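Notes follow the structure.
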């Protein structure tokens, strides 16, 4: 017996042996009542030969009857092998189907015909034809291509290194695999996923022995690639390394070479891995490009002046866009150049360092992400490379540390000038520390103004027993003049610190017209163009603006994309929120919601506040699910306002 997708869904419903109306069947099969009646007619022709009858009764619907108990059991047995959940997911424009096709092609040996693939997935050939452009786009991002050959079918073509990267993503990282256990899976030969922690342990011992420093993320990442290498090598898919790939290796960096050799020897001896010299070189590339550099002397042939020059351009761009100076940050000056050097080597050699918490961090640190977007654009132009999301996430952590260091310096500084006895000084200092928490205020004590004459400008507010003659126009509070705590709070509220006067501007950014809860689009390009047209219609973007890619977009997890107006086409401040009519695969994640934050100018302190609000909102999955389900601006506004201590 052969049944198409809708027929199987109809049969599954009728197996309850209760009457089902055409409307109920239409809902289950995601089809019209008219289509269901046509399907019932076709089903009757097929089932009659098997001793199964579909009865129809007016006002009741349809019901199955069987000639014998054996016929009934045969149908139950047949349908028990069908993943009904998969049938529901494999509907038109469904992202699950895309993942299935990619996995199927990655594990297939040779060509597979579209008709066979369609039958396997219980969808039509025309449905698969609609999917192919999206499959090609995703494969292209791994430098792989989809080849079609008459009378043979389709297959993936490309370097083995890139195929392994794609396998790592779609079989070891992508979160859909766990949900759909009947998906195509990689053949593990005599190995399984339990091999990964064992490999990690061996790798760590070897690296400790040869002083190769790897992060925990890198250890796990390399262990996964080792498993893939063993499996692919045993399946006669050896690595094909080229000069362009291996030129990033430092052949003189012998400690990595010796570590790789010993590591492979242990794998071959202990696990019968059968890895050859070429596979050892491939593993060495992972170690070489993913090790943590401690200082510039470790890589003497590196062009450090060129990297330093690029970073100066990065700092200039950040200062220009956000009015933030991170050029003197200790962490950036000490470590960022070392990280960028390794990043360049990974990008150029095709090595991918998985960042398992990139989405989590992109949600938490949206302001840092905006800063990093500007930095990455400079680096990509300067070095003529494309920085992937994993690398973006690691860079963002460096800039987030620098921003946090700036925030520490931006605390409101209160200086207590004590002129009375020790007991009173201790009492007032304790009151100040109780009322003004250390996460927002720095409280210091001095005996007299003369003690700090050279650094008076470091303080925002002076507190003293009586009025002082201060040589600079700095606010001061005299304790003897009444409620000094209240006076300090009033002065602090008036200081143009990050939160400043934001509350009065809230309605400028949040308006219901700045939303679209039925956004159309079948791919990234059409969605971004539809958003562009949406913003044009509201006068936020000039009517003549025409860009193929008007916004920089990043997946941040929880089915969200964060848009950045990197090309400065928005002329008015806006917090734009959109929900897609149909979810799509963006890069590697399924996306349902998009948002854009734009202030009057990028250096506006409001930007930091808005990013913090969206960060808290985006980290809560229930917020996103509620918005997708309700599609209501008030629901969105209530959620974003009631997140942790938003204060608005």
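The values are calculated or read from the model by the stated rules, or taken from the named source; none is laboratory data. Only a predicted model underlies this, so the values are computations on that prediction, with no experimental measurement involved. Heads up, the Cβs are rebuilt from the backbone with ideal geometry, glycines too, and the neighbour counts pull from every protein chain shown.
Would it be correct to say that residue 580 is without any contact (Cβ under 8 Å) to a residue 40 or more places away in the chain, buried (at least 17 other Cβ atoms within 10 Å of the Cβ) and on the phi < 0 side of the Ramachandran plot?
Here the answer is no, as residue 580 does not meet what is asked.
Please determine whether any residue of the stretch 446-455 is at pLDDT 90 or above and over 30 Å from residue 581 (Cα atoms).
no
Tell me which of these residue 148 doesn't satisfy, since it passes every other one: (1) over 30 Å from residue 226 (Cα atoms); (2) in contact with a strand residue (DSSP E or B) (Cβ under 6 Å, 6 or more places away or on another chain); (3) crowded, with 18+ Cβ neighbours inside 10 Å.
All conditions are met except number (3).
Do we have any residue at all in the stretch 343-360 that's touching a residue at least 60 places away in the same chain (Cβ under 8 Å), out of contact with any strand residue (DSSP E or B) (no Cβ under 8 Å at 6 or more places or on another chain), part of a helix (DSSP H, G or I) and over 30 Å from residue 228 (Cα atoms)?
No, the conditions are met nowhere in the stretch 343-360.
Out of curiosity, is residue 129 farther than 22 Å from residue 235 by Cα, at pLDDT below 95, in contact with a helix residue (DSSP H, G or I) (Cβ under 8 Å, 6 or more places away or on another chain) and not assigned by TED's automatic domain parsing to the domain that holds residue 352?
yes
With (1) touching a helix residue (DSSP H, G or I) at 6+ places or on another chain (Cβ under 8 Å); (2) at pLDDT 85 or above as the list, and residue 116 as the residue in question, which single condition is left unmet?
It fails just one condition, (1).
I'd like the residue in the stretch 3-37 that is without any contact (Cβ under 8 Å) to a residue 12 or more places away in the chain and in contact with a helix residue (DSSP H, G or I) (Cβ under 7 Å, 6 or more places away or on another chain) and, out of all such residues, is surrounded by the most Cβ atoms within 10 Å (Cβ to Cβ).
Among them, the one singled out is 26.
Do you know which residues across the stretch 540-557 are modelled with pLDDT under 95 and not in a strand (DSSP E or B)?
542, 543, 544, 545, 546, 547, 548, 549
Would you check if residue 509 is surrounded by 17 or more Cβ atoms within 10 Å (Cβ to Cβ), within 34 Å of the chain's Cα centre (by Cα) and either at pLDDT below 85 or in the same structural domain as residue 590 (by TED's automatic domain parsing) (or both)?
Judged against the criteria, residue 509 is a match.
Just give me the residues in the stretch 261-320 being surrounded by fewer than 14 Cβ atoms within 10 Å (Cβ to Cβ) and closer than 23 Å to residue 208 by Cβ, in sequence order.
Result: 269, 270, 294, 295, 297.
Touching a helix residue (DSSP H, G or I) at 6+ places or on another chain (Cβ under 8 Å), modelled with pLDDT of 95 or more, crowded, with 16+ Cβ neighbours inside 10 Å and not in a helix (DSSP H, G or I): is that true of residue 387 in this structure?
yes
Could you tell me which residue of the stretch 446-467 is nearest to residue 491 (Cα to Cα), considering only residues that are surrounded by 13 or more Cβ atoms within 10 Å (Cβ to Cβ) and touching a helix residue (DSSP H, G or I) at 6+ places or on another chain (Cβ under 6 Å)?
Result: 461.
From 368, 423, which residue is in a helix (DSSP H, G or I) and surrounded by 22 or more Cβ atoms within 10 Å (Cβ to Cβ)?
368
When you look at residue 388, is it at positive phi and assigned by TED's automatic domain parsing to the domain that holds residue 401, yes or no?
Against the criterion (at positive phi and assigned by TED's automatic domain parsing to the domain that holds residue 401), residue 388 does not qualify.
When you scan the stretch 589-606, do you find a residue that is at pLDDT below 95 and in a helix (DSSP H, G or I), even just one?
Yes, the stretch 589-606 contains at least one residue that is at pLDDT below 95 and in a helix (DSSP H, G or I).
Collect the residues in the stretch 426-472 that are assigned to a helix (DSSP H, G or I), in contact (Cβ under 8 Å) with a residue 24 or more places away in the chain and more than 50 Å from the chain's Cα centre (by Cα), keeping them in residue-number order.
Across the stretch 426-472, the qualifying residue is only 449.
Checking the condition crowded, with 19+ Cβ neighbours inside 10 Å and within 12 Å of residue 371 (Cα to Cα), which residue from 326, 340 passes?
Checking each option against the conditions leaves just 326.
Restricting attention to the stretch 205-231, report how many residues are part of a helix (DSSP H, G or I) and closer than 20 Å to residue 265 by Cβ.
16
Restrict the check to the stretch 632-641 and report whether at least one residue is crowded, with 19+ Cβ neighbours inside 10 Å and under 20 Å from residue 368 (Cα atoms).
Looking through the stretch 632-641, at least one residue is crowded, with 19+ Cβ neighbours inside 10 Å and under 20 Å from residue 368 (Cα atoms).
Could you list, in sequence order, the residues of the stretch 124-154 that are assigned to a strand (DSSP E or B) and farther than 14 Å from residue 101 by Cβ?
145, 147, 149
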